[in-house]
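What follows is calculated from the coordinates using simple rules that are stated; it is not laboratory data. What you are looking at is a predicted structure, and each value in this text was computed from that prediction instead of being measured. Backbone-built Cβ (ideal geometry, glycine too); neighbour counts: all protein chains shown.
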Amino acid sequence: MNTDIIIAGSGCSGLYCALHLPKDQKITIITKSSLEESDSYLAQGGICVLNGEQDYDSFFEDTMRAGHYENNPQSVGIMIRSSRGVIEQLISYGVDFCRNADGSLAYTREGAHSKKRILYHEDVTGQEITSKLLQRVRERENITLLEHTTLLDVIMKDNCCCGAVLRMADGEIVAVRASYTILATGGVGGLYRHSTNFRHLTGDAVAIAAKHGLALQNVDYVQIHPTTFYNQDCSERSFLISESVRGEGAKLYNKNMERFVDELLPRDQVTQAIWKQMEEDGTDYVWEDLRMIDPKVLHRHFPNIVEFCAEKGYDVTRECIPVVPAQHYFMGGVKVDSFSKSSADRLYVIGEAACNGVHGKNRLASNSLLESLVFAGRAASQISEAPVTALPLPAVDLSQYADREKLEGTYRTLVLDEIKGRTKYV
Ligand SMILES: Cc1cc2nc3c(=O)[nH]c(=O)nc-3n(C[C@H](O)[C@H](O)[C@H](O)COP(=O)(O)OP(=O)(O)OC[C@H]3O[C@@H](n4cnc5c(N)ncnc54)[C@H](O)[C@@H]3O)c2cc1C
């Protein structure tokens, strides 16, 4: 099998990148699961955008402060400066952001943002963005989408990527020759007991990069979301109670129904406070109170949260809900430059799988969709400027990938070894 460019992952970063690559290139997007099963579909809160030139310093400072000033300031600047262009592009793709009565874009605020600069579509912003990207991708004749097709490895020769090894939907293992390979495989939540991520997101790009000795960065920087609905059965993906709810005034209580933290602190600080409180109280959760939010706002802005809680037996307009922290986001990843190129030639990594340093030690809420799109676009722009022909594929022994369980175990160990010992909730 040959293609010009292979993209592993059909989340927002993979799709956006594909839409920005030349239309005369044959592009193949593969995804481990179905097209709708990516974390991009789950994003609730929204997407940040520079809200006027006067917002630049404040947006920059909020991002840096949340990241404990370990962020790469150049990457942060690129992301903020590119944000308006990305939003305009999304609107041109048909993305429908919430608007005021006069037709102007409506902005909301989340924890650790000092100003309103987040665009949203109800509480399903990620679904709105990603489904529209997918629609546009489906219209492109040069792009092929392959579901239930897994990237097992990249094929390297002299620090240059010549293609990839895939397990196709029917189980066949094939080597694919490609001029460029782009990894957009998302985060690591599937390796955790409690996570808001899809279970099949297991840090495969990180494992493959580690296997080939490529540079990684900040792999121990894993974000725990402070508020997910507490469910005794932890085999299910944890349901997120968006930060925007606290932005709109929701409060957190201990077992005596007393507040114990400033709810608008950055998420790592809120998480620490909740863990401490749970330990002091001897409980598995704390309470979140949404009753002070106008029910009309609750139903308009957070319909899915209201509905989910109702299914679990909680009427959020009348009673508090139990919440607990869970793994949520991966700040680290495969080290890339400001055009998303990894330490190997012809190999790009984008989205949550990559680390360009935007988020530092801790991601500011709603910066990840934006970061994924900005740097996916930059990868595409660099690749478009320098189209190259595919290199011959070196011989690959495909039998080494036949034992699925063994391979998954090896990759799991590779990623966890990088993370382990430095974070509490693996
Ligand atoms: C519940 C939740 C709420 C969120 N809310 C927000 C928010 O409000 N705002 C915000 O900015 N961010 C939010 N985020 C984070 C944001 O959604 C993600 O960081 C972002 O969507 C990542 O996009 P991505 O393209 O990198 O990866 P994903 O969208 O996760 O896509 C990864 C893709 O890779 C595929 N894949 C994985 N491994 C392989 C493999 N080996 N072979 C082939 N394919 C593979 C998957 O099938 C999937 O298609 C949220 C995340 C979650 C979980």
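For PRO322, what charge total do you get from the other residues with a beta carbon under 11 Å from its beta carbon, if Lys and Arg give +1 and Asp and Glu give -1?
With Lys, Arg at +1 and Asp, Glu at -1, the net is -1.
The antiparallel fraction among DSSP beta bridges confined to the chain stands at about 60%. Among the listed pairs LYS341/LYS361; LYS157/LYS341; LYS32/LYS406; LYS276/LYS420; LYS211/LYS335; LYS361/LYS420, those with a Cα-Cα distance over 19 Å are LYS341/LYS361; LYS276/LYS420. Adding -39500 (n - 2.57) for every DSSP H run of four residues or longer, then dividing by how many residues the chain holds, sets the calculated 222 nm ellipticity at -9500 deg cm²/dmol. DSSP loop (so not H, G, I, E, B), at most 15 other Cβ within 10 Å: list which GluC sites (Glu not before Pro) in region 292-348 pass both filters. Passing both the DSSP loop test and the Cβ count: GLU319.
Go ahead and run the numbers for FRET between ARG300 and CYS160, Cβ-Cβ distance against an R0 of 45 Å, rounding to 0.05.
Once rounded, the FRET efficiency stands at 0.30.
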